[in-house]
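The values are calculated or read from the model by the stated rules, or taken from the named source; none is laboratory data. As the structure is a computational prediction, the values presented were derived from the model and not from experiment. Every residue, glycine as well, gets a Cβ built from its backbone with ideal geometry; the counts of neighbours run over all protein chains shown. We work out accessible area using only protein heavy atoms, side chains counted, and drop any ligands, DNA or RNA first. Shrake-Rupley method; radii C 1.70, N 1.55, O 1.52, S 1.80 Å.
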Amino acid sequence: MNRRPTLLTALALTAAAALALSACGSDDDTAGGTQGDGGNKPASPSASAATFPDRPKIELPADLELIFEGGETGDPVKDAILADNAERMRAVDAAITGTDPEGKALAFYNTGKALKAAQNWVAQFEEAGATLTGEARYYDREVTLTGEDSATLVFCADESKGFSKDKTTNEIHKTPVTKNSYVLYNTRLDKNAEGVWQTSQIISTRGATRCQP
């Protein structure tokens, strides 16, 4: 049976989620944290990568844009976490869109359950013959250090302008903007031996009140 049309329909209905990987990487289904001040200055996710020349270079298609707000806190550890999380988000989309077909960046910035969830999500797009287009904005990004090498990062995503696109026909599957276009993400990050803050768990709450415009 050809499942491609069905998968495309399903992806279209949750297309925006693809931009931020709306996949649960943990058995813990709680999403908490208090709202941060966000900030209006876009982050520069490539800054962290530039500090470590051995990190994979991530490129996205011209028709896909990710915007990260509030990237500088004044705390170098928190800033590094925010930067690596931004690279992680970009890595997922690079794997989906084909600019990182081997998923090197995906494995670099993810570990454990988050890596498995990301790989499964990418595989669904591959099976459906779909890719991504549009824009996603990440805001109210709040870091809490839970140990010397561990932290949680809670943030919101505006996925109202992100869509799936058929790789063969280039048809864009647009969906209406609803409260579910705004998502609360609760992630755990762990610093590995190389000093990279890898995402190990991710939980999403679609339609969360905190993230509504």
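Can you list the lysines whose alpha carbon sits under 23 Å from that of residue 161, skipping same-chain ones fewer than 8 residues off? Result set, ordered by chain and number: 41, 174, 179.
Carbon and sulfur: what percent of the range 90-157's accessible surface (1.4 Å probe)? So the carbon and sulfur contribution to the accessible surface is 48 percent. Dipole magnitude for the range 55-95: computed about the Cα centre from +1 point charges on Lys and Arg Cβ and -1 point charges on Asp and Glu Cβ, it is near 220 debye. In the full protein context, the range 53-177 carries 44 Å² of accessible surface per residue, based on a 1.4 Å probe and ignoring ligands, DNA and RNA.
Largest first, the three principal axis extents of the alpha carbons in the range 59-213 are 48, 36, 25 Å in whole numbers.
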